[in-house]
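The values are calculated or read from the model by the stated rules, or taken from the named source; none is laboratory data. Worth saying up front: this structure is predicted, and the values here are computed from it rather than measured. A quick note on method: Cβ atoms are made from the backbone with ideal geometry, for glycine too, and the neighbour counts reach across all protein chains shown.
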Amino acid sequence: MSSPSSLLSKKILLTSAITLFIGQDALAVGFMINPTSSITGMANAGSTVYDRSTVAISNNPAAMSLMNEKQVGGNFTLIVPDWSVNEGWDCKAEGNCADSNVSPIAVVPTVGLIRPMDNDFTWGIGLGAIAGAGMEYGNKFKTRPIVTENKLQVVELMNSVSWRMNDQWTFGVGLGILHGSFEQRQDLPSLSDTAVDDITSVVEFVGLAQECSGPPAVVAACRAAALVESGLNPVSAADTLNSLNSYMGGETGTTVDLEGDDIGAEITVGATYEFVPGHRLGLAYHYLSDFTFEGSAKINGQLLSSETSQNPHMTLTWDMPERLVVSGSHKVTNDLELYWDFERVFFDSFKSTDLRMDGFHTMRIDRNFKDANRYAIGGEYDLDERVTLQLGFSYDESPVDNADRMADIPVDDIFKTAFGAIYQVNEQLNVQGFLSLEFLGDAKVEQLASIDGVKLGDSVKFDSDAMLYVLGVSFGYKF
């Protein structure tokens, strides 16, 4: 068992590194990210068999044995989103429209070192982002009781070793240390400590009250009924009824800033098999530990308390999926090589996230994710001795149905078209540039939230028009 000082040192190391890794857009199935590298120019096809990039350290340690020289490699990727929201209500009249671009620009660097050892063993170490998501809807958006903005980041330091058994088979294993961080901002109605002690009831009230419309007297009666149905005390809540009415009219209530992090681990095992010269298969299985993000909740305003400022301890559970990837590479001619990928992401365990704040009841947010697949095909063509062209396509299935999707993780199908070019500067150095156009599905949301099995806020219906422009440069240097 690691000592407390050892764990603290690892946490400090990864916390320092995470400032460089701001990957916060869905680049693969759900919130999982395929580490950006030279194979991003082929939409990550051939990820477990590709032998020209240090990304093998993370993708499939067994592929490191296919690389016979000591080398370093790295990548710097810029993600530029064009992500607008189409509200299903008259948001201009209600004053609760989303920002014009709800996903921020992100930067995702990676770096790795591979070193062949004696006795057919190869060692590698790499650092990169493996999961991320991020949205910034603005403080007035109709989902504000659940999310106005959020950010999930998972960075991994992977230490891998591989072994070449013979000319056909290689095997590998990697152990990764993960640092995950979570931030989310909410805006809830201001309520005194006499109203109730369950935040779920507050969110439920907002979901019900958002359905109220018509003349002022009808709206008032509807909101009074929402108080009763949600479990709020209508007598004591009357003390803050004015603040509730102001909140429902668009005024800021009580802001809640959630921040937490955790240390986790990943174990990756893999193999490659060259059944015919120039034709290779690869397989990698990734097991990731789950996170319990631990930190603080900064509450500014009255939230079921007589205090106007609170800072309770906070935890949020987050289940990370296991992944299975199978790839192939096929030398068609001396100049053309084709690659393909099939990935299964076992998201079925991501049923809910449990938010706990000291002094409040636990709020279970339903997720209901399902297992999903990724498919990719690509190729490399050697234009001449120095220039290699890349092209790739991929499709990621949505891990969540429209009925279960929520605004804080609005993932859907993803279609990618990628282009790249590798330039061999000399025998030791190569550089690469790529562009990936990623078309995200409409990400329909049909609820404010689902909490403890109850769907809230049917009027919160919207979809999105989203495209990501992913630009990157990579390098590889052999010693």
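Overview of values
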| quantity | calculated |
| --- | --- |
| Positions within region 272-289 being surrounded by 23 or more Cβ atoms within 10 Å (Cβ to Cβ) and touching a Phe, Trp or Tyr at 6+ places or on another chain (Cβ under 8 Å), in sequence order | Thr272, Arg280, Gly282 |
| Sole residue being in the same structural domain as Ala265 (by TED's automatic domain parsing), of a type in the set (Asp, Glu) and outside any loop (DSSP other than H, G, I, E, B), chosen from Asp99, Asp82 | Asp82 |
| Only one of Val400, Val470 that is in a strand (DSSP E or B), touching a residue at least 12 places away in the same chain (Cβ under 8 Å), under 19 Å from the mean Cα position of the chain (by Cα) and buried (at least 18 other Cβ atoms within 10 Å of the Cβ) | Val470 |
| Residue in region 440-458 that is assigned to a loop (DSSP other than H, G, I, E, B) and out of contact with any strand residue (DSSP E or B) (no Cβ under 8 Å at 6 or more places or on another chain) present | yes |
| Top-ranked residue in region 242-263 [being in a loop (DSSP other than H, G, I, E, B) and at pLDDT below 85; ranked as surrounded by the most Cβ atoms within 10 Å (Cβ to Cβ)] | Gly250 |
| Considering residues of region 207-236 that are part of a loop (DSSP other than H, G, I, E, B) and of a type outside the set (Gly, Ala, Ser) only, the residue modelled with the lowest pLDDT | Asn233 |
| Matching residues, region 32-75, being assigned to a loop (DSSP other than H, G, I, E, B) and within 16 Å of Pro116 (Cα to Cα) | Asp51, Arg52, Ser53, Thr54, Val55, Asn60, Met67, Asn68, Glu69, Lys70 |
| Lone qualifier among Thr200, Thr268 - being buried (at least 22 other Cβ atoms within 10 Å of the Cβ), under 26 Å from Glu136 (Cα atoms) and either modelled with pLDDT of 85 or more or not basic (Lys, Arg) (or both) | Thr200 |
| Asp239 assigned to a loop (DSSP other than H, G, I, E, B) and either over 18 Å from Glu149 (Cα atoms) or modelled with pLDDT of 85 or more (or both) | no |
| Asp384 free of Cβ contacts under 8 Å to residues at least 12 places away in the same chain, over 17 Å from Ile451 (Cα atoms) and over 21 Å from the mean Cα position of the chain (by Cα) | yes |
| Tally of residues being crowded, with 16+ Cβ neighbours inside 10 Å, hydroxyl-bearing (Ser, Thr, Tyr) and not in a strand (DSSP E or B) across region 290-342 | 1 |
| Residues being exposed (fewer than 14 other Cβ atoms within 10 Å of the Cβ), in a loop (DSSP other than H, G, I, E, B) and aliphatic (A, V, I, L, M) - total across region 410-437 | 1 |
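Listed here are the residues, each with its yes/no results for (1) out of contact with any Pro (no Cβ under 8 Å at 6 or more places or on another chain); (2) assigned to a strand (DSSP E or B); (3) over 30 Å from Phe205 (Cα atoms); (4) not assigned by TED's automatic domain parsing to the domain that holds Leu281.
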{"position": "Gly138", "(1), (2), (3), (4)": "yes, no, no, no"}
{"position": "Lys151", "(1), (2), (3), (4)": "yes, yes, no, no"}
{"position": "Val155", "(1), (2), (3), (4)": "yes, yes, yes, no"}
{"position": "Asp167", "(1), (2), (3), (4)": "yes, no, yes, no"}
{"position": "Leu175", "(1), (2), (3), (4)": "yes, yes, yes, no"}
{"position": "Phe182", "(1), (2), (3), (4)": "yes, yes, no, no"}
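Conditions (1) out of contact with any strand residue (DSSP E or B) (no Cβ under 6 Å at 6 or more places or on another chain); (2) without any contact (Cβ under 8 Å) to a residue 40 or more places away in the chain; (3) not basic (Lys, Arg), marked per residue:
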{"position": "Thr268", "(1), (2), (3)": "no, no, yes"}
{"position": "Thr272", "(1), (2), (3)": "no, no, yes"}
{"position": "Phe275", "(1), (2), (3)": "yes, no, yes"}
{"position": "Arg280", "(1), (2), (3)": "no, no, no"}
{"position": "Leu283", "(1), (2), (3)": "no, no, yes"}
{"position": "Glu294", "(1), (2), (3)": "no, yes, yes"}
{"position": "Asn300", "(1), (2), (3)": "no, no, yes"}
{"position": "Ser305", "(1), (2), (3)": "yes, no, yes"}
{"position": "Thr308", "(1), (2), (3)": "yes, yes, yes"}
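Listed here are the residues, each with its yes/no results for (1) within 30 Å of Phe475 (Cβ to Cβ); (2) hydroxyl-bearing (Ser, Thr, Tyr); (3) at pLDDT 95 or above.
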{"residue": "Gly328", "(1), (2), (3)": "yes, no, yes"}
{"residue": "Val332", "(1), (2), (3)": "yes, no, yes"}
{"residue": "Glu343", "(1), (2), (3)": "yes, no, yes"}
{"residue": "Phe360", "(1), (2), (3)": "no, no, no"}
{"residue": "Met363", "(1), (2), (3)": "no, no, no"}
{"residue": "Asp371", "(1), (2), (3)": "no, no, yes"}
{"residue": "Gly392", "(1), (2), (3)": "yes, no, yes"}
